[in-house]
Amino acid sequence: MKIYAIRNGNQKLDSSIQLVVVDLDKSKHYPLNFVCVLPRYLRLLEKRSSNFAKIFGEKSLPVAKDLLTEAKQSEDDPHIQKIINKRIKDIDS
């Protein structure tokens with residue numbers, strides 16, 4: 001599993017970037033390897049009301065943090081790194 005950032009349009013707004021979870025064992029190319037969207041708001045993980053939370057269950061927060069930490073290390077785009085860092089910080093607080 002890995003995080004993949006999708007930029008909607010040419011905007012640099014945080015809302016224009018969506019982080020999705022992909023399964024590289026299914027395929028190397030998006031959208032064939034799509035699993036689910038990583039929710040923007042952690043309360044969706046805690047309430048188990050997102051597809052991500054339904055797939056990963058009680059381990060949603062640790063899995064999200066692990067995926068984000070791995071994505072942070074491999075991402076070159078500073079704007080996407082900023083979004084990833086914000087989500088990691090939200091999980092830690």
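Values quoted throughout were computed directly from the atomic coordinates according to the rules given, and no laboratory measurement underlies them. The structure presented is a predicted model; accordingly, all values stated were derived computationally and were not measured. Ideal geometry is used to build each Cβ from the backbone, glycine not excepted, and the neighbour counts take in all protein chains shown.
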For segment 14-30, how many residues meet the condition of being under 14 Å from Leu68 (Cα atoms) and either touching a His at 6+ places or on another chain (Cβ under 7 Å) or free of Cβ contacts under 8 Å to residues at least 40 places away in the same chain (or both)? 3
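Yes/no per residue for (1) loosely packed, with under 15 Cβ neighbours inside 10 Å; (2) under 13 Å from the mean Cα position of the chain (by Cα):
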{"residue": "Lys2", "(1), (2)": "yes, yes"}
{"residue": "Ala5", "(1), (2)": "no, yes"}
{"residue": "Leu32", "(1), (2)": "yes, no"}
{"residue": "Val35", "(1), (2)": "no, yes"}
{"residue": "Lys54", "(1), (2)": "yes, no"}
{"residue": "Gly57", "(1), (2)": "yes, no"}
{"residue": "Lys65", "(1), (2)": "no, yes"}
List every residue pair whose Cβ atoms lie under 9 Å apart, where the two residues are 6 or more positions apart in sequence or sit on different chains, the first residue falls within segment 45-69 and is at positive phi, and the second residue, located anywhere, is assigned to a helix (DSSP H, G or I) and basic (Lys, Arg). Arg48/Lys54
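Quick one: which residue in Leu67, Leu45, Leu61 is aliphatic (A, V, I, L, M) and closer than 14 Å to Tyr4 by Cβ? Give the derivation first.
On the way: Leu45 fails: closer than 14 Å to Tyr4 by Cβ; Leu61 fails: closer than 14 Å to Tyr4 by Cβ.
The unique qualifying residue is Leu67.
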